[in-house]
Amino acid sequence: MKGVILAGGTGTRLYPLTKVINKHLLPVGKVPMICHGIEKFKKAGIEEILIVIGKQSAGLYTDLIGSGKEWGVSVTFKIQEEAGGIAQALYLAEPFITPGEKFVVLLGDNLFEDHLITFVQAFEKQAAGARVLLKKVLDPKRYGVPVLEKDNIVLIEEKPEEPKSDYCVTGIYMYDSTVFETIRTIKPSARGELEITDVNNVYASKGQLTYDILDGWWTDAGTFQSLYQASGRLW
């Protein structure tokens, strides 16, 4: 199975740290943030990796990661020309994925404790569709919140006033190759971006969105506080 890391974006919540460098190259513990995602893939047996990056710091990415040989993986880069949403960035991976193939997607600023291997194996056995990883949180209003029905998610509500569960959808997704056709069917949101929640809700409406729950810690290291906390855990 192949892996895709989405590492574009402008990192506005971490400004001015991100004024001259992409946030995924900021240090978390002893290594740049992007390295943690590569290591998670390697430990899960995923050795073919595409990293979608913005134009900012593109040269630094290639200097740091190169071909991926240092990690025992093969890395390819793709440039996202403008900020158009997570789904738009994911769409750029279509040439990297063979029709009928399944793959795993990480948002580059999602840092977590669990190993991916058991989740990947579960998705390999899934007939079709998508799978997402959830985490129980104290403040689900801040996130996309799943409405659960047995083993499936029937709907994801984005930042709901009255959450229907205590879980949030993390930035760890698994898809089959039909996801690219699904992305072609959705329209930009009010903020002009292609939203990954809309993509996932297409699968949910078909009864094809399953889930697993992370046991260990998880954070979206996109703020000063969460970046600091992640650094302490990964030192």
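The values are calculated or read from the model by the stated rules, or taken from the named source; none is laboratory data. This one's a predicted model, so the numbers in the text were calculated from it and none came from an experiment. Virtual Cβ from ideal backbone geometry, glycine too; neighbours counted across all protein chains shown. With ligands, DNA and RNA removed, areas are computed over all heavy atoms of the protein, side chains included. Shrake-Rupley method; radii C 1.70, N 1.55, O 1.52, S 1.80 Å.
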Look through the range 1-30, keep the residues that are within 13 Å of LEU227 (Cα to Cα) and assigned to a strand (DSSP E or B), and return whichever of them is most open to solvent (accessible area, probe 1.4 Å).
PRO27
Quick check on my filter: what residues within the range 201-217 are out of contact with any Leu (no Cβ under 6 Å at 6 or more places or on another chain) and open to solvent by less than 30 Å² (accessible area, probe 1.4 Å)?
LEU209, THR210, GLY216
Name the residues in the range 115-155 that are open to solvent by less than 20 Å² (accessible area, probe 1.4 Å) and in a loop (DSSP other than H, G, I, E, B), would you?
LEU116, GLY129
Considering only residues that are of a type in the set (S, T, N, Q) and modelled with pLDDT of 95 or more, look in the range 164-179 and name the one that is least open to solvent (accessible area, probe 1.4 Å).
THR170
How many residues does the range 15-62 hold that are closer than 20 Å to ILE97 by Cβ and in contact (Cβ under 8 Å) with a residue 60 or more places away in the chain?
6
Subset of the range 218-235, residues part of a loop (DSSP other than H, G, I, E, B) and either open to solvent by less than 30 Å² (accessible area, probe 1.4 Å) or not aromatic (Phe, Trp, Tyr) (or both), comes to ALA221, GLY222, THR223, LEU234
Which number in (1) farther than 22 Å from GLU193 by Cα; (2) outside any helix (DSSP H, G or I); (3) open to solvent by 10 Å² or more (accessible area, probe 1.4 Å); (4) of a type in the set (A, V, I, L, M) marks the one condition that LEU60 misses?
(2)
For a quick check of your reading of the model, give me the residue pairs whose first member lies in the range 180-193 and is surrounded by 14 or more Cβ atoms within 10 Å (Cβ to Cβ), whose second is in a loop (DSSP other than H, G, I, E, B) and not hydrophobic (A, V, I, L, M, F, W, C), with beta-carbon atoms closer than 6 Å and at least 6 apart or on different chains.
SER189/GLU195; GLU193/GLY84; GLU193/GLY85
Please verify whether the range 85-95 includes one or more residues that are open to solvent by 70 Å² or more (accessible area, probe 1.4 Å) and within 19 Å of LYS206 (Cα to Cα).
no
Can you tell me which condition GLU161 does not meet? The list is (1) surrounded by fewer than 16 Cβ atoms within 10 Å (Cβ to Cβ); (2) assigned to a helix (DSSP H, G or I); (3) touching a Lys or Arg at 6+ places or on another chain (Cβ under 9 Å), and all the others hold.
(2)
